[in-house]
Every structure is written in C-alpha cells, then in structure tokens.
Amino acid sequence: MNDAGDRSEPFFIGWAKAPTGLRPFLIGVGLCLVVLFGGVGFIAAATQADPGSGRGGRGETAIGVLTYDPYPLLYVTESERYPTGHTLLLSGNAKFGVQDRASALDGRLVQVSGGPVARGDLDMLRLRNGPDGLSLVEGAPATPEVPEPVPLGRWRLTGEICDGQCYGGAMRPGTGLAHRACANLCLIGGVPPVFVSTQAVAGEEFLLLADAEGGPVTDAVLDHVAMLVDVEGEVERRGDLLVFRIDPASLQVAP
Amino acid sequence: MSVKYVPVQWNPNKYVYDAVLLASVVLYIFVFLELGTAAADVTQPINGAIVRMRAFGSCAFLMLSVILAIGPLARLDRRFLPLLYNRRHFGVMTFAVALTHAVYVLGWYFAFSPTDPLVALLTANTAYGQVLGFPFEVLGIAALLVLAILAATSHDFWLSFLSPPLWKALHLLIYPAYAAAVAHVALGYLQDATNPAFALLFGGAVLTVGALHLAAWLRAPAEPTTADDWVMAGDAGDIPDGRAIVVRISPTERAAVFRNGRTLSAVSNACAHQNGPLGEGRIVYGCITCPWHGFQYRPEDGCSPAPFTEKVPTYDLKLEGRTVLVRRTAHPPGTRVEPTPLPEDVA
C-alpha cells in the first residue's frame, strides 16, 4: 500500500481551474520545458560534425579521352579549370552514373560538361543529361594517348568506401553511417566508388575502387560502404589518379 | 468526461498545455536551424535538408523521452500530474514532428535515384546481419508506425471501441517504439557524431527515462503476503478525508480505499477511462476523481454520476480494530457496497 500523501497538497483536475497552490510549480515546469528544448536544440546543432571541404561549383566543360573501365573517367586534354593530364571521375546528375552513355565512347576524344564537385585530390564532373553533357569531338586530328597504368604494389589499407559524388561535396556530409543508404543508392545507380584512406598512398588520400581484374566492383562492396574497413589489393597509378584493385574477399570491418 | 465524442474536448488547461508544447517545439526547431547550426564549426555548410532532418529527428526523440518521463514523474511527485493530463496531444505532436523528419529523409537520402524512394528505403541497405552498418532506417520506420497508430487511436472513441485494457495494451507499444528509436539513433547518427555532446544528451535522455521508471517501480505497492481472502490495507487513521490508500490484491489488480467523511469505501484502482490510478485521486463534490483526466465515480457503487455511464468494480471492506481489510474478490462494476463506518476513535 502507499501513503495517502499530504492532505493540503493541491489537486489538479483537468476540466477545472488549476489550483492556486500548484500554479507556481506548473509555471516553473513550463519554463523548464521551454528552456530544455531551446538548450538541447542549440547544443545538438552546434556540435554537428564538420562535413568536410567537399563542395560543388558552377558548370564546367572539358575535353579529353574517355575510358570506361572500371568506371567512366576523363583524361583531360583541354580545359579552363583542369590542368592537362588531370583525371576526372564522371557521373550523371543526382544518383546516376553515365555508363550507358560512355560505353560506346571508350578511348575516344569527347567533350564533357556539367557540375563539378571537388574535395582534396578528388575531382568529379556530374554530367548534364544528353549530348550537352557528353559528346564525341568530331574531326579531331588524333586521339591523345592515355598514360599506361603504373603498378605501385600490393597494399592493405584502412579507410571508408564512399560514393565519389557525395564524398566530393554533392552532399555535406557525404560520408558516415547515417549516409550509408544514400551512398549505396548512388553506387547502385553507377556513381564511381572511392576509397578514402586513413593514410596517404603515394601522396593521395582517395583512390578509385576496382576489382582485382580492374573492372567495376560496386556489388561486392555494398555491405561495407560508409564504415571503417580494412581491405587488400593492388594500387596502380593512371595519370594522376590512383586505382585500388581490391580483393573483395579481404574486406573486413576495421578493428 | 463526456457523453458524446467530439474531436477535442478543449478547456483552458489544454490551451495552456498545447501552447507551452508548441512554443517548445517551435523554439527547438528555430534554435537548431538558425542559431545552433550557424555556431557549428564546419568547413563547408551542411546541406539544408540534412540540417532539417536532424532538427526534426532529434526534436522528436527529445519529445518522446519527455513523454515517457511524465508517467513515472507523476507517480513519484503528484505535482507532475497535470503534465499527464493532456499527454495525448504531446504524443500526436511528436508523431507530426517525427513524420516531418521522415519526409525530409525520404526526400533527400532516398530521392534522385533510379529506384522509387519507398522501395529504396527498404532495399538500399540490406545488411541485416551486421551491427555496424545495420539498416537503422527500418528501426525508425517501426517507431514511426507505432507513433502513427498511437496518434490515430488517441481519442476516447477508440478507447471505448477497443476497451480500456486493450487500448492500454496497445499504447504500451510506446516502449518498444522508444527502444526502436534509441537503436535507430544509436546505429545511425550517433555513429557519425564526433563531438561527445550529442552522445551525452542522447545517453542522458535514455538513462533519465530508465531511472525514473525504475524509481517509480520501486515505489509500487508490495505484493500481499497472505493467501487469505482478505488483504490488509492499513490503518484507518492513516487515510485523510477525501483521499485513499492503495493496496495490491493480486499481481494485476489494486484496490483504492477512500475515506469519505466518516465512512470508507473501496473501488478498483483502475479508472474506466484510461486505467488511471484512482487511488491517487481525491473525492471532489462527493465523487472519487481520477487524477489523470478528472473522470468521477461515486465511492459507494463505483458509478459515474448521470448522465455519464462509466463504472468501476467495488470491493467489500471490514475493520479489525483500526485495521482496514479488503476482500480480494471484486464485485462487478457499478455494484453498490454499503460504506463502512470509521472506528469511533478515528472518526
């Protein structure tokens, strides 16, 4: 049994006027509630993590040689923004890749146009739809040579698998587990996956992912996106871009 | 109390309650979006849609935590009972805030892809065998669905239609929903938070809710030790006029013994409306008055005064000296039991 309490304690009835003796307490509780909500709102917002330096930009155009595997890339030969020889990752608008448009243009001189995203070493162009975004350069005297891949040895790296577009700044933040489903959707849509290493490899912090044979690796990495993982594979340099040809069987959550 | 169903039985107390609630929510969202985010140490601004989903999501979680704290707070200190009175509106508003969070998530993280957003929500991440990387969105969906059901049935029509025990059982789903929301945050946003402040706020809210429930549970009446048909309730002199003592007569049943002037009467401790604790109420205008929503019953027969029709079970009482005993077996709701006169020395 419980005690009956203080006889003089005011008793609140919802449909009646609040007891005078209870009003100061209720006013205090109301004020505390308002202060609690305001305070928690401020702290929760002010302590949000830095989404990083990734950012988008206005439309850019570049000319270069398109390669299709493992994901569409452009070796720049002419651009106002990008230096000659620079390698651009290519994706479509939103959560779409450009594989369908790029497959017939492998090794050809093309003009690309779209919105850039950039973060550190990573440069990506989100191509406009249709021929405005990707078109063959007609009448070019010759297609420039694409640099041969340079092997940099076998590496075991720790880092996060991201979609290149969101990591690059299309979404801020574009990393982490809260963003995982979004990253998976981007990758499934054809956006190139990148590996953001915790240690620099040949001076670079991000590497384009490929499978051991140099082909696309999206399906094999989906369960390990957006978390810190260890993975082993061959690193090779293609122009100024590092490609990490991983063995998906070696993927494991980093301890 | 009402003899007909209306969308909301407004009264001045509800206006004040909802005004404070709305002010708190609006302030939270405004401070989060306009002041707190501006003060965040970031290299590049966080996407507006992501800030909004975080604002509404964290606000909904705070609201849910406060809602769950009100019950045990009111049990531990009766001055908090007014917060319980209009908790339905708190719940409905929490659902609206949580739904806004979900709409922002769906329209940002799960939009702009070749897959339909609702399909993407369930298929983009299917790593159910992992703890880290678990599709925490489904936990949020589960919590939101429960909140939707509870919001939709937060009305006396549904209470009457489903019966108070079933309605009450349905609304206890708020606890699994809270557990799902906790896991949703813990496996999602918390994993990306680099500043410990959010973890401290989140953990503090969860621990406060848990500690309050534990404290309230420890204060619950003990199980009677006797197998006798009569259960000892206490000393008649310990019952102030117009108040009650509560006695547990079975694992699931409690009786409230009220003193009404010079007599004693016992009724079920569970109000017919929402199973509120009648024994924590008072006798007002000659009727036992529930502390939750003010439903009233006559002490001698457990019937609400006309034109109301609610009834609660009644119990036989007897005195052994000054000691009050309650018979375990309840009478059907609304059965009249002659009030027991108080001992001379108490009266």
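The values are calculated or read from the model by the stated rules, or taken from the named source; none is laboratory data. Only a predicted model underlies this, so the values are computations on that prediction, with no experimental measurement involved. Virtual Cβ from ideal backbone geometry, glycine too; neighbours counted across all protein chains shown.
Filtered by the rule that a residue be facing chain A (nearest Cβ under 9 Å) and free of Cβ contacts under 8 Å to residues at least 24 places away in the same chain, the stretch B:70-82 gives B:R79, B:F80.
With the condition kept exactly as written, say whether any residue in the stretch A:99-113 is out of contact with any Leu (no Cβ under 6 Å at 6 or more places or on another chain), aliphatic (A, V, I, L, M), surrounded by fewer than 20 Cβ atoms within 10 Å (Cβ to Cβ) and within 14 Å of chain B (Cβ to nearest Cβ). The answer is no; no qualifying residue exists.
Checked against the criterion of being closer than 21 Å to B:L122 by Cβ and either more than 9 Å from chain B (Cβ to nearest Cβ) or of a type in the set (S, T, Y) (or both), the candidates A:D223, A:D211, A:D163 yield just one match: A:D163. Exactly one residue out of B:R254, B:R248 is touching a helix residue (DSSP H, G or I) at 6+ places or on another chain (Cβ under 8 Å) and assigned to a strand (DSSP E or B): that is B:R254. In this structure, is B:A306 assigned by TED's automatic domain parsing to the domain that holds B:G237 and touching a residue at least 40 places away in the same chain (Cβ under 8 Å)? Here the answer is no, as B:A306 does not meet what is asked.
Of the residues making up the stretch A:36-67, those that are touching a helix residue (DSSP H, G or I) at 6+ places or on another chain (Cβ under 7 Å), surrounded by fewer than 21 Cβ atoms within 10 Å (Cβ to Cβ) and assigned to a helix (DSSP H, G or I) are A:G38, A:F42, A:I43, A:A46. Condition check: outside the structural domain of A:T87 (by TED's automatic domain parsing), of a type outside the set (A, V, I, L, M, F, W, C) and crowded, with 22+ Cβ neighbours inside 10 Å. Does A:G215 satisfy that? Considered against the rule, which asks whether it is outside the structural domain of A:T87 (by TED's automatic domain parsing), of a type outside the set (A, V, I, L, M, F, W, C) and crowded, with 22+ Cβ neighbours inside 10 Å, A:G215 comes out as no.
In the stretch B:284-298, the residue that is nearest to the other protein chains (Cβ to nearest Cβ) out of those that are farther than 21 Å from B:E253 by Cα and among the hydrophobic types (A, V, I, L, M, F, W, C) is B:V284. Of all the listed residues (A:P19, A:P70), the sole one being on the phi < 0 side of the Ramachandran plot, of a type outside the set (G, A, S) and buried (at least 18 other Cβ atoms within 10 Å of the Cβ) is A:P70. For the stretch A:84-96, the count of residues that are within 14 Å of chain B (Cβ to nearest Cβ) and hydrophobic (A, V, I, L, M, F, W, C) is at least one. When the stretch B:173-219 is filtered for residues that are outside any helix (DSSP H, G or I), modelled with pLDDT under 95 and touching a helix residue (DSSP H, G or I) at 6+ places or on another chain (Cβ under 8 Å), the ones remaining, listed by number, are B:A193, B:R219.
Looking only at residues in the stretch B:127-146 that are within 8 Å of chain A (Cβ to nearest Cβ) and in a loop (DSSP other than H, G, I, E, B), the one that is nearest to A:D219 (Cα to Cα) is B:A127. Would you confirm whether or not the stretch A:21-35 contains a residue that is facing chain B (nearest Cβ under 7 Å) and part of a loop (DSSP other than H, G, I, E, B)? Scanning the stretch A:21-35 turns up no residue that is facing chain B (nearest Cβ under 7 Å) and part of a loop (DSSP other than H, G, I, E, B).
Contact map, the stretch B:25-50: first residue under 21 Å from A:C182 (Cβ atoms) and facing chain A (nearest Cβ under 7 Å), second residue of a type in the set (D, E, K, R) and surrounded by 13 or more Cβ atoms within 10 Å (Cβ to Cβ), Cβ cut-off under 6 Å, separation 6 or more or different chains; pairs are B:V42/A:D50; B:T43/A:D50; B:Q44/A:R55; B:Q44/A:R172; B:I46/A:R172; B:N47/A:R172. Within the stretch B:277-293, is there a residue that is part of a loop (DSSP other than H, G, I, E, B), charged (D, E, K, R) and closer than 25 Å to B:N86 by Cβ? No, the stretch B:277-293 contains no residue that is part of a loop (DSSP other than H, G, I, E, B), charged (D, E, K, R) and closer than 25 Å to B:N86 by Cβ. For the stretch B:88-125, the candidate set comprises residues that are outside any loop (DSSP other than H, G, I, E, B) and small (G, A, S); within that set, the residue that is nearest to the other protein chains (Cβ to nearest Cβ) is B:A120. Of the set (1) over 21 Å from B:P117 (Cα atoms); (2) assigned to a helix (DSSP H, G or I), all apply to A:C186 but (1). Among the residues of the stretch A:107-116, at least one is in a strand (DSSP E or B) and more than 13 Å from A:L134 (Cα to Cα). The set of residues in the stretch A:149-178 that are buried (at least 24 other Cβ atoms within 10 Å of the Cβ), over 13 Å from A:P51 (Cα atoms) and among the small types (G, A, S) contains only A:G164.
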